[in-house]
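Below you'll find the structure, written out as structure tokens, and then a few comments.
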Amino acid sequence: MVRSILQIRSWVSWGWSTPLERAHSIEDVRLLARSKVPRVVFEFVDGGAEDGVVVRRNEESLRAAELVPRVLVDVSAVDLSADLLGTPTVVPFGIAPTGLPALSHPHAEDALADGCARRQVPFVLSSMGTRSNDEVAARGTGRAHWFQLYVWRDRVAARGLMEEAREAGAEGLVVTVDVPVPGFRPADVRNGLTVPPTINPRSAFGILRHPGWLWSFLGSGGVDRCSFGSTGAALSDLGHQMFDSAVTFEDLAWIRRIWDGPLAVKGVLDPRDARAALDLGVDVIWVSNHGGRQSGRAPAALEALRRIRGEVGADPVVWFDSGIRSGQDVAVALQAGADFVFAGRPFIYGLMAGGAAGVERVFEILTDELVRALALVGAPSVAHIRERGPRTD
Ligand SMILES: Cc1cc2nc3c(=O)[nH]c(=O)nc-3n(C[C@H](O)[C@H](O)[C@H](O)COP(=O)(O)O)c2cc1C
């Protein structure tokens with residue numbers, strides 16, 4: 001008896017693991033995140049526009065896609081390195097810009113920027129970020145960041161933000177064009193996450209059940225430190241100031257004249273818009289439906305990617321986000337023609353689940369899954385899966 005117990009002990013390795021280490025998929029990280037923050041915060045990140053159809057459509061189309069294995073290929077050392085406008089990166093994916101990340105963790109941008117820098121991927125600071133361009137640049141990660149801009153109603157303020165980003169050393173600019181009006185997310189209204197916020201009994205109760213979150217949120221200065229701080233705008237004015245329903249391609253042409261560095265236009269879903277933006281000299285078409293947070297009936301981002309790649313041909317640089325929940329999804333997007341892939345919610349789940357360690361865990365999960373996905377389809381590198389192209393049969 002004692003002998004068999006000793007034998008079992010020698011087979012099994014006894015080790016304590018943290019909840020994050022026990023998270024083996026993005027869904028595991030998501031569930032952990034849900035337990036860590038008040039409902040109002042979790043649903044702000046997790047939720048989608050209107051009835052949530054587009055969030056599901058994004059995920060389902062990526063899951064329905066097939067990667068046909070080629071066999072007898074040496075995949076003993078899968079190479080994930082990619083190219084981002086001429087600069088090498090360690091992995092072919094990064095973090096999409098997300099607003100108000102300090103709601104999810106007090107050191108949100110630091111953790112996100114460090115995670116990106118370790119992979120030589122530029123961090124994209126949101127227009128609604130909770131750090132300034134200067135603060136992100138001063139972090140000294142060794143890889144210059146990009147700045148994401150909403151074209152403000154006040155064009156002088158918009159220009160000021162671009163100049164500030166440039167002076168802080170931002171390498172590139174992402175102009176997000178899919179917010180002519182803010183999307184309607186019912187969960188945020190129910191939870192009182194409106195502009196200005198309304199504390200209702202439901203959200204107050206949820207917040208009080210997470211004193212640890214409340215303590216660190218208040219200690220961090222909340223969302224007072226903002227990437228738009230220099231404009232003097234108050235958070236309560238954002239709806240009016242930041243989103244302009246009258247932005248057109250003329251404004252994009254104006255930005256192209258002002259911004260002489262790399263320029264990406266984010267939120268393109270129609271091949272005609274992709275073509276028009278390229279004709280204006282934009283460097284990157286970023287295919288995205290904002291993770292299903294804007295239009296309630298937008299096409300699945302993957303379908304839009306296929307159509308846009310089909311229209312613009314192989315040369316223009318096309319980036320992709322919306323619905324990525326695994327390394328397999330990244331492989332699908334690369335095969336469908338994306339040059340680089342971004343995920344939004346997965347990294348914010350990571351932040352909620354464990355700050356910097358959570359962001360690292362999400363990078364690890366996506367990386368391991370992508371290596372396995374490429375090995376199993378016989379693609380020893382990112383270039384191989386990209387060259388294979390979408391199925392045509
Ligand atoms: C909480 C949250 C905040 C976001 N804020 C911004 C933003 O400030 N600017 C922007 O261009 N996109 C923003 N997005 C959209 C993301 O950049 C990205 O398009 C989207 O998250 C991709 O979908 P996914 O979450 O399914 O990966 C936000 C998304 C989330 C989830």
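Read-outs: derived from the displayed coordinates by stated rules, not from any lab. Everything numeric here is computed off the predicted structure, so don't read it as measured data. Note that we place each Cβ from the backbone using ideal geometry, even for glycine, and neighbour counts take in every protein chain shown.
Note that the range 18-388 shows a convex hull volume over its alpha carbon atoms of 125 Å³ per residue. Where only DSSP H runs of four or more residues are counted, the chain gives -13500 deg cm²/dmol as its mean residue ellipticity at 222 nm, each run worth -39500 (n - 2.57). Computed log10 I(q)/I(0) for the range 241-352 at 0.16, 0.17, 0.24 Å⁻¹: -0.76, -0.85, -1.37, from the Debye equation with unit scatterers placed on every C-alpha and solvent omitted. For the charge dipole of the chain, defined by +1 on Lys and Arg C-beta atoms and -1 on Asp and Glu C-beta atoms about the Cα centroid, which residue among Ser35, Gly358, Gly310 has the Cα displaced farthest towards the positive pole? Of the listed residues, the answer is Ser35. Charge dipole of the range 18-388 (Cα centre as origin; +1 on each Lys and Arg Cβ, -1 on each Asp and Glu Cβ, all else neutral): 820 debye, rounded to the nearest 20.
Diffusion of the range 74-117 by Stokes-Einstein, at 4 °C in a medium of 1.567 mPa s and with Rh set to the Kirkwood radius over alpha-carbon pairs, works out to 103 µm²/s. Relative contact order of the chain: 27 percent, from C-alpha pairs under 8 Å at least 6 residues apart in sequence. Each of Val247, His24, Val179 was scored by the projection of its Cα onto the charge dipole of the chain, and the greatest displacement toward the positive side belongs to His24; charges sit on the C-beta of Lys, Arg, Asp and Glu. Here's the picture: charge each Lys and Arg Cβ at +1 and each Asp and Glu Cβ at -1 in the chain, and of Gly129, Gln294, Pro69 the one pushed furthest to the positive end of that dipole is Pro69.
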